[in-house]
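**Q** Sharing a structure below in structure tokens format, with a few things to ask.
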Amino acid sequence: MPSEEYLITQPEHVTAVLTKMAELEKVDTPMSVILKMVDEFRTVGTVRKLDMSGFFLKLGRLAWDSFASIRGNDGIGVPKLLPALLIEKHKRYGVSPLTRWGTVGVVIRIDSKMQRVVNMVHEDDPDGPQEHTLFGLPVSESVADTLMDVVGYCVLGYYLTKRSES
């Protein structure tokens, strides 16, 4: 596929959206707000027009804050590898799954990722959420990796929305 068909092709594309996310207000309980937003999208998103670019920016900021709290970071920062990683994943998956299903498909993928996070952590642990392990080894991908995927889907959703608006 020619590169112009992809939603993002340059690290600056990713960094620009992450910077917009960083400008949004921080929330104390980002994971619960993400789940609530996805639930609201299910009931409201198909009924009335939502500001989808704003939706993806806010959701991305919340996922980033969740990632930062797991990693012990207090700032949003931009990891140096995220733009290149997201572009590489985008090339491997291609653009057709995103354009075929549009923003609804992106939200479905985000919902799947968030349900994975919910199932991967022990919410009732007195030391806070802990990742599931089997024989002392982490099960599958980590919570942090899954949250980074959510951030990535939010960046793609943002660009998909902007592309359909033009």
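The values are calculated or read from the model by the stated rules, or taken from the named source; none is laboratory data. These numbers come from a predicted model, not from an experiment. Cβ atoms come from the backbone with ideal geometry, glycine included; neighbour counts cover every protein chain shown.
**Q** Do we have V33 as at pLDDT below 80, β-branched (V, I, T) and farther than 17 Å from Y159 by Cα here?
**A** Here the answer is no, as V33 does not meet what is asked.
**Q** Take F67 and tell me if it is within 14 Å of the chain's Cα centre (by Cα) and either at pLDDT 85 or above or not aromatic (F, W, Y) (or both). Before you say what the answer is, go through the steps one by one.
**A** Numbers: within 14 Å of the chain's Cα centre (by Cα): yes; either at pLDDT 85 or above or not aromatic (F, W, Y) (or both): no.
Against the criterion (within 14 Å of the chain's Cα centre (by Cα) and either at pLDDT 85 or above or not aromatic (F, W, Y) (or both)), F67 does not qualify.
**Q** Looking at (1) outside any helix (DSSP H, G or I); (2) surrounded by fewer than 19 Cβ atoms within 10 Å (Cβ to Cβ); (3) modelled with pLDDT of 80 or more, find the lone condition where E40 falls short.
**A** Unmet condition: (1).
**Q** Still on this model: Take the residues in the stretch 107-166 that are under 18 Å from K89 (Cβ atoms) and assigned to a loop (DSSP other than H, G, I, E, B), then tell me which one is modelled with the highest pLDDT.
**A** S142
**Q** Within the stretch 78-93, restricting attention to residues that are outside any helix (DSSP H, G or I) and surrounded by fewer than 13 Cβ atoms within 10 Å (Cβ to Cβ), which residue is modelled with the lowest pLDDT? Give the derivation first.
**A** Going residue by residue through the stretch 78-93, those that are outside any helix (DSSP H, G or I) are 78-81.
Subsequent filtering for residues that are surrounded by fewer than 13 Cβ atoms within 10 Å (Cβ to Cβ) retains 80-81.
Working: K80: 70, L81: 75.
Looking at the filtered set, the residue picked out is K80.
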